Amino acid sequence: METEELNRWGPDLARWAADYLATLRERPVRAQTEPGDIARQIADEPPAEPHAFEDVFRDFQDIVMPGMTHWQHPRFFAYFTANSSPPALLAEWLTATLAAQCMLWQTSPAATELETRMMDWLRQMIGLPTDFEGVIQDTASTATLAALLHARERVLGFRGNGEGLSGLPPCRVYCSDQVHSSIDKACWVAGIGQANLVKLPTEGDRGGLCITELEAAIVRDREAGLLPAAIVAVVGGTSIGACDDVAAICEVAKRQDVYVHVDAAWAGSAMICPEFRHLMAGSEQADSFVFNPHKWLLTNFDCSAHFVRDPESFVRTLAIRPTYLKTQGHDRITNYSEWSIPLGRRFRALKLWFVLRSYGVNALQETIRSHVAWAAELAEKLGEEPDFEITSPPVLSLFSFRYLPDGADDPDTLNATLLDRINDDGRIYLTQTTHDGKYVIRFHVGQTYTTREDVMFAFDVMTSLARG
Ligand code: PLP
């Protein structure tokens, strides 16, 4: 394919994209295919000769599209959303056109300097103090891994990377049982191990980590010769939106000299609204904080905003400087590959710049406030139905419920069956979790194009399919 063909296909694909987004409500939200349906239609072997782009694009529409779950569907209420918006999408097109590898300042100074600015804009937007500096990671999972590697090196006196971990006392990480599985995985990958991830019970209405148990566990471990390295605090847990008391955690951390990483992957975007910031209070004392604009700030995946309070020490953990990566003649530059695990990095700051300028903070705040208000309205309406139970109240725009008609003798199976019926129906998409030992259905509002009518429409779908 020649470069000039972009003139032919670019407008066609732009029209296709606009039409797709405008007609999403007519499609089932979750793909309605069976395993293997798509693979069966794709050639076993790579083509030896070129295919015309007409054919490639036709197959995209005929083969790929039926197997897509539509994350930008306005009635996507599952998991947490993965946002997109027209300015972010257009920025991604430009990013793909430039296809720059932005690992070092000199491999694209604009990408580095825009990233520094965008992270400072985001820092101001969520109210973190100026002593935090940020980097855009691909995912919150990567940010957490980087933070735990930093915590590990800090407690080991920066010996782990050089010597390996054998022969050194085990590092311990503390969290509640409400954290995302990416915390477990980060412990596996960082050589800390699942056995050294201490999951403690929660307390209080917000499902926060029990503070007395936390401090007792740290003291006990230290007496046993183990190395308390980090506490992972969660603001807006994946299951039901649990929030730790970050301020209390940071006080314990200070007394015990332990690193604090705050995982606000989903809820962090809502912190652009000052009225929700009480949920993250104390985070200004933490060492590391992550949230995902790609979840709830209208920015396409991948864009995970990771802030650290001691960049020098953080970079000491992750920087590796062979001659071929050195920049001649510039001392005071930032090389963001020294802030991340992979060397290679996309130009991710561009889409943030486009989004923040195209909407402005006020409109972004309004979007989040609307989502929160609609979730509260739906939870209230559903809770008034005699055969529905709200199993966890709204935290921002997430709540959980279950169908519980009189005489239901196996509510877990009843709700699992209901969830399948809802998702097979296709007009809305929901997912499940376990809460207090019960199978419950989650409802999350966070999609860019969702309206109040879409949320209320979900009420009709859920109640009629439950009772039908
Ligand atoms: N932390 C929390 C609280 C999450 O809900 C999620 C994903 O939903 C993650 C971390 C992982 O996010 P990512 O996919 O960016 O790694």
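If I filter region 163-172 for residues that are on the phi < 0 side of the Ramachandran plot, of a type in the set (K, R) and away from the ligand (no atom under 16 Å from the Cβ), do I get at least one hit? Yes - at least one qualifying residue is present in region 163-172. Selection of first residues in region 375-395 that are within 21 Å of D406 (Cβ to Cβ) and of second residues that are of a type in the set (V, I, T) and part of a helix (DSSP H, G or I), restricted to Cβ pairs under 8 Å at least 6 apart or on distinct chains, gives the following pairs, ordered by first then second residue: L382/T463; E385/T463; F388/T463. In region 188-202, the count of residues that are more than 16 Å from the ligand (Cβ to nearest atom), surrounded by 24 or more Cβ atoms within 10 Å (Cβ to Cβ) and in a strand (DSSP E or B) is zero.
Within region 246-264, can you find the residues that are more than 13 Å from F307 (Cβ to Cβ) and within 16 Å of the ligand (Cβ to nearest atom)? Matches in region 246-264: V246, I249.
Does D287 satisfy the condition of being crowded, with 20+ Cβ neighbours inside 10 Å and away from the ligand (no atom under 12 Å from the Cβ)? Give the steps one after another, and end with the answer.
Values: crowded, with 20+ Cβ neighbours inside 10 Å: yes; away from the ligand (no atom under 12 Å from the Cβ): yes.
In short, yes.
In region 221-233, the residues that are touching a residue at least 40 places away in the same chain (Cβ under 8 Å) form Cβ pairs under 7 Å with partners that are buried (at least 24 other Cβ atoms within 10 Å of the Cβ) and of a type in the set (K, R), at six or more places apart or across chains, as follows: D221/R172; L226/R172; L227/R172; P228/R172; A229/R152; A229/R172. Condition check for G282 on (1) surrounded by fewer than 24 Cβ atoms within 10 Å (Cβ to Cβ); (2) within 15 Å of the chain's Cα centre (by Cα); (3) more than 9 Å from the ligand (Cβ to nearest atom): one failure, at (2).
Among the listed residues A281, A229, which satisfies the condition of being in contact with a strand residue (DSSP E or B) (Cβ under 6 Å, 6 or more places away or on another chain) and at pLDDT 95 or above? Even if it seems obvious, please write down each step before you answer.
On the way: A281 fails: in contact with a strand residue (DSSP E or B) (Cβ under 6 Å, 6 or more places away or on another chain).
Sole residue among the options that is in contact with a strand residue (DSSP E or B) (Cβ under 6 Å, 6 or more places away or on another chain) and at pLDDT 95 or above: A229.
Scanning region 81-127 for residues that are touching a strand residue (DSSP E or B) at 6+ places or on another chain (Cβ under 6 Å) and either among the β-branched types (V, I, T) or buried (at least 23 other Cβ atoms within 10 Å of the Cβ) (or both) turns up E115, L122. Taken over region 332-350, the criterion of being in contact with a strand residue (DSSP E or B) (Cβ under 9 Å, 6 or more places away or on another chain) and not in a loop (DSSP other than H, G, I, E, B) is satisfied by Y336, W339, A349.
The test for being farther than 16 Å from L382 by Cβ and part of a helix (DSSP H, G or I) holds for T413. Annotation note: Cβ proximity below 7 Å between a residue of region 418-446 that is over 20 Å from P28 (Cβ atoms) and a residue that is of a type in the set (G, A, S) (sequence gap 6+ or interchain) occurs for T433/S239; T433/S400; H435/S239; H435/S392; H435/S400; Y439/A416; V440/S400. None of T323, T299, T327, T334 is at pLDDT below 95 and within 19 Å of D120 (Cα to Cα) except T334.
Taking the criterion of being crowded, with 20+ Cβ neighbours inside 10 Å and either within 12 Å of the ligand (Cβ to nearest atom) or among the basic types (K, R) (or both), the residues of region 300-329 that qualify are C303, S304, A305, H306.
The values are calculated or read from the model by the stated rules, or taken from the named source; none is laboratory data. Fair warning: this is a prediction, and the values are worked out from it, not measured in the lab. FYI the Cβ positions are ideal-geometry reconstructions off the backbone, even for glycines, and counts take in every protein chain you see.
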